[in-house]
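Just below is one structure, and these are the notes that go with it.
Each reported figure results from applying straightforward, stated rules to the coordinates on display, with no laboratory input. These numbers were taken from a predicted model, which means no experiment stands behind them. Please note: Cβ atoms are built from the backbone with ideal geometry, for glycine as well, and neighbour counts cover all protein chains shown.
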Amino acid sequence: MQKFEFTKIDTVKVEDINSLENPAFPFTQASVPPEPFLSGIAEPIIAIGTAALAVVLFFTIRSE
């Protein structure tokens, strides 16, 4: 017996919005949601902070 699984995604790339919206039909136009805070600002800060901490720990522990 084979199992099947279907997955649907309802997201659209920002670049593809113009090809999907039609100015003649107002119900096809919507505002673009803002970028989430975590992936926009906090995620790069966490990544840079982690890398800096690893470098500092590497040199302080190595020098002992």
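In this rough spin-label picture, where each label sits 7 Å from Cα along the Cβ direction, the residue 37-residue 24 distance is 4.3 nm. Relative to the dominant Cα principal axis of the chain, helix 43-62 is inclined by about 20°. Backbone geometry of the range 21-33 corresponds, through the Karplus equation with coefficients 6.51, -1.76 and 1.60 at θ = phi - 60°, to 3J(HN,Hα) couplings of 7, 10, x, 6, 10, x, 6, 8, 9, 8, 7, 7, x Hz, x marking Gly and Pro. At full extension, residue 2 and residue 62 could sit 16.1 nm farther apart than now, given 0.36 nm per residue minus the alpha carbon distance.
Ranking 56, 17, 30 by how far each Cα lies toward the positive end of the dipole of the chain (charges on Cβ) leaves 56 at the top. Computed about the Cα centre, the dipole magnitude for the chain is approximately 200 debye when only Lys and Arg (+1) and Asp and Glu (-1) carry charge, each at its Cβ. Dividing the summed -39500 (n - 2.57) terms of all DSSP H runs of n ≥ 4 by the residue count of the chain sets its mean residue ellipticity at 222 nm at -11500 deg cm²/dmol. Beyond 19 Å, the tail of the calculated P(r) for the chain holds 66 percent of the Cα pairs. For the chain, chymotrypsin sites (Phe, Trp or Tyr not before Pro) are listed when DSSP marks them as loop and at most 13 other Cβ atoms sit within 10 Å of their Cβ; the list is 4, 6.
First measure r as the distance between the Cβ atoms of residue 14 and residue 48, then evaluate 1/(1 + (r/R0)^6) with R0 = 35 Å and state the FRET efficiency to the nearest 0.05.
Step by step, r from the Cβ atoms, then E = 0.90.
Electrostatic bookkeeping for residue 32 treats Lys and Arg as +1 and Asp and Glu as -1; over the other residues with beta carbon under 13 Å from its beta carbon, the sum is -3. Say we join alpha carbon atoms closer than 10 Å with springs in a Gaussian network model of the chain; which of 28, 11, 50 then has the biggest fluctuation? Of 28, 11, 50, the Gaussian network model singles out 11 as fluctuating most.
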